[in-house]
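Everything below concerns the one structure shown next.
The values are calculated or read from the model by the stated rules, or taken from the named source; none is laboratory data. Note that the coordinates shown come from a computational prediction; the quantities given were computed from them, not determined experimentally. Note: ideal-geometry Cβ built from the backbone for every residue, glycine included; neighbour counts use all protein chains shown. Just the protein is used for accessible areas: all its heavy atoms, side chains included, with ligands, DNA and RNA removed. Shrake-Rupley method; radii C 1.70, N 1.55, O 1.52, S 1.80 Å.
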Amino acid sequence: MSTVQKKLLIALVALAILSPIGIYLPAKFNAEDAWGEWSAKTIEKQLGFVPEKMKIVGELWKAPIPDYNLGDEKSSFAVQGLSYILSGAIGIVLCIIVLFGLSKLLVKKNE
């Protein structure tokens, strides 16, 4: 692993560890959800309607870890925070696997 790759991995792990801030700040400022993480119900409450395409596309994908939470909505901050960190770690590992696989397919070694 090169120095640049090590620094990138350290930065990604640091961001995964800091990700529970996304739970704390909306709760602190009574913002309900993190910015951009709105459900169709929240959008309807904010706008008065749900855009037609959002209704269609919103049903295509179901997250493997809904709301980045392994518990329920009433879980403690610790459980939610650890769930966020685990979700970030899973995302990092999946990205590494995909990029490693792509690099093996696309880059040929000079022998």
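Classification of the range 54-105 by its C-alpha gyration tensor yields an oblate form. The axis ratio a/c (a ≥ b ≥ c) is 1.5 or more, and b/c is at least a/b. Computed from phi, the 3J(HN,Hα) profile of the range 29-41 under the Karplus parametrisation 6.51, -1.76, 1.60 (θ = phi - 60°) reads 9, 6, 9, 6, 10, 5, 4, x, 9, 7, 7, 4, 5 Hz, with x in place of Gly and Pro.
Calculated accessible area for the chain comes out at 85 Å² per residue, all protein chains present (probe 1.4 Å; ligands, DNA, RNA ignored).
Using the Cα gyration tensor of the range 10-57, with a ≥ b ≥ c the square roots of its eigenvalues, what is the shape: rounded (a/c below 1.5), prolate (a/b larger than b/c) or oblate (neither)? Verdict is oblate for the range 10-57. Measuring max minus min along each principal axis, the C-alpha atoms of the chain give extents of 62, 35, 21 Å (largest first).
Of all the accessible heavy-atom surface of the range 18-87, with the other protein chains kept in place and a 1.4 Å probe, what percent is carbon and sulfur? Whole-percent figure for carbon plus sulfur exposure: 64. Contact order, relative form, for the chain: 32 percent (alpha carbon pairs under 8 Å, 6 or more residues apart, mean separation divided by residue count).
Of the chymotrypsin sites (Phe, Trp or Tyr not before Pro) in the range 50-110, the ones in a loop by DSSP (not H, G, I, E or B) with at most 10 other beta carbons within 10 Å are Trp61.
Other residues with beta-carbon under 13 Å from the beta-carbon of Gly22 carry, at +1 per Lys or Arg and -1 per Asp or Glu, a net charge of -3. For the range 1-101, lysine pairs separated by 8 or more sequence positions, or belonging to different chains, with Cα-Cα distances below 18 Å total 7.
Seen against the Cα atoms of the chain and their longest principal axis, helix 3-18 is set at about 20 degrees.
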